[in-house]
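Participant: Submitted below is the structure of interest, expressed as structure tokens.
The values are calculated or read from the model by the stated rules, or taken from the named source; none is laboratory data. Source: prediction; values computed, not measured. When we count neighbours, we look across all protein chains shown, and the Cβ atoms used for this are built from the backbone with ideal geometry, even at glycine. The protein model used for the area step is the full one, side chains on, heavy atoms only, and it has no ligands, DNA or RNA in it. Shrake-Rupley method; radii C 1.70, N 1.55, O 1.52, S 1.80 Å.
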Amino acid sequence: MFEITGLQSGYGGVTILKDVALSADREVYAVLGANGAGKSTLLKTLAGIIRPTAGEIRFNGERIDRLPAHKIAALGIGYVPQENCVFPDLTVAENLSIGGILGKRSKADRLAELYDLFPDLQERLDQKAGSLSGGEGQMVAIGRALMQEPSVLLLDEPTAGLSPRYTDLLFRRVAEISREKQVTVVLAEQNVTSTLGIARKVHVLSLGKTHLQGATDEVSIEQVRQGYHI
Ligand SMILES: Nc1ncnc2c1ncn2[C@@H]1O[C@H](COP(=O)(O)OP(=O)(O)OP(=O)(O)O)[C@@H](O)[C@H]1O
Ligand SMILES: [Mg+2]
């Protein structure tokens with residue numbers, strides 16, 4: 001269970017996020033909003049990359065908002081940033097192996113499960129991650145986070161710049177990860193329709209504030225889109 005109340009956060013004294021609250025539990029929780037709305041700032045704050053200036057972040061009841069990023073990761077909160085986040089000079093296998101340092105089950109079991117999820121990865125294990133296509137790189141980045149067997153996965157625009165084929169595939173895989181592994185996925189996205197299709201809850205940010213939040217089956221696309229016109 002992931003719970004955030006009264007969250008305020010920003011950069012160097014400039015407040016970006018204002019009074020954001022959410023709770024997510026073993027479901028896909030969508031964070032939508034225009035460019036600059038604060039989606040990445042929210043995910044960076046949850047991952048401990050930037051420290052909130054007010055509010056609380058709780059994970060299974062424990063306050064985590066004062067912990068450094070590596071301790072948050074060690075609790076089982078995986079983070080895949082928006083920027084390309086594979087090690088380009090390392091192979092796919094080496095990138096996945098780095099993710100495998102944390103995690104309880106045997107590395108072989110976790111890798112086998114990952115290849116079921118993303119079969120393309122297995123064919124590219126010896127390839128340098130820097131030479132992969134955008135979609136393949138995203139799968140490595142998500143794969144690396146999954147190797148830690150997270151119970152929460154923070155995904156920042158995983159489909160940005162991907163072809164329709166990879167975009168559809170990634171949405172299907174994200175839904176599968178949440179459903180089958182009972183992972184709480186906080187998914188920042190620009191792809192409104194597909195995101196609403198796999199998320200149970202949606203949170204629309206507008207200029208760092210909550211425009212609306214609720215169950216996806218109770219929110220219309222028009223209401224979501226209004227958050228983009230301010
Ligand atoms: N490192 C930074 N230093 C100062 N301001 C920043 C920094 N990163 C982001 N911002 C500002 O914070 C605001 C929110 O940015 P953020 O990256 O969270 O938006 P976003 O919703 O993720 O947008 P996008 O969809 O383009 O990724 C923007 O006004 C941005 O200029
Ligand atoms: Mg962003």
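Participant: Nearest 10 degrees is fine. How inclined is helix 164-181 to the longest principal axis of the chain, computing both from alpha carbons?
Facilitator: The two axes meet at around 90 degrees.
Participant: Now for a different question. Once phi is turned into θ = phi - 60°, what whole-Hz ³J(HN,Hα) does the Karplus curve with 6.51, -1.76 and 1.60 give for every residue of the stretch 24-32, x standing for Gly and Pro?
Facilitator: 9, 8, 6, 7, 8, 10, 8, 10, 10
Participant: Enter the angle in degrees (range 0 to 90, nearest 10) between the Cα long axis of helix 134-146 and the first principal axis of the Cα atoms of the chain, meaning the one along which they spread out most.
Facilitator: Long axis of 134-146 versus the principal axis of the chain: about 90 degrees.
Participant: For the pair S163 and M1, what calculated FRET efficiency results from E = 1/(1 + (r/R0)^6), where r is the Cβ-Cβ distance and R0 = 45 Å, to the nearest 0.05? Could you put the intermediate results ahead of the total?
Facilitator: Numbers: r = 36 Å, r/R0 = 0.79.
Step by step, r from the Cβ atoms, then E = 0.80.
Participant: Which ³J(HN,Hα) values, rounded to whole Hz and listed in residue order, are derived for the stretch 43-48 from phi using the Karplus coefficients 6.51, -1.76 and 1.60 in 6.51 cos²θ - 1.76 cosθ + 1.60 with θ = phi - 60°, glycine and proline given as x?
Facilitator: 5, 4, 5, 5, 7, x
Participant: Compute the distance in nm between two label points, each set 7 Å from the Cα along the Cα-to-Cβ direction, one at S97 and one at E56.
Facilitator: Going from the S97 label point to the E56 one covers 4.3 nm.
Participant: Can you run the Rg to Rh ratio on the chain? Use alpha carbon positions and the Kirkwood inverse-distance Rh. List each step's numbers first, then the result.
Facilitator: On the way: Rg = 16.9 Å, Rh = 17.8 Å.
On the Cα set of the chain, Rg over Rh gives 0.95.
Participant: What ranking of H203, H70 comes out by heavy-atom accessible area, probe 1.4 Å, highest first? Write down the numbers at each step before the final one.
Facilitator: On the way: H203 0, H70 130 Å².
Output order, biggest surface exposure first: H70, H203.
Participant: Another question, then. Looking at this model, which pairs from K44/K71; K181/K201; K44/K209; K104/K181; K71/K104; K18/K181 are more than 21 angstrom apart at the alpha-carbon?
Facilitator: Details: K44/K71 14 Å; K181/K201 18 Å; K44/K209 16 Å; K104/K181 14 Å; K71/K104 16 Å; K18/K181 32 Å.
Distance filter (> 21 Å) returns K18/K181.
Participant: Would you mind calculating the gained length between L207 and R172 on full extension (0.36 nm times residue separation, minus the Cα-Cα distance), in nm to one decimal? The partial results should precede the final answer.
Facilitator: Details: separation 35, 0.36 × 35 = 12.60 nm, distance 2.95 nm.
Gain on stretching L207 to R172: 9.7 nm.
Participant: Also: In nm, to one decimal, how far is the modelled label at E113 from the one at E83, with both set 7 Å along Cα→Cβ?
Facilitator: So the label points at E113 and E83 sit 3.1 nm apart.
Participant: Same structure again: P(r) for the stretch 119-230, please, calculated from all Cα pair distances in 5 Å bins and given in %.
Facilitator: Whole-percent P(r) values from 0 Å outward: 2, 10, 21, 21, 19, 13, 7, 4, 2, 0.
Participant: May I pose another question? Just to confirm the number: angle between the C-alpha axis of helix 107-117 and the first principal axis of the chain, 0 to 90 degrees, nearest 10?
Facilitator: 70 degrees
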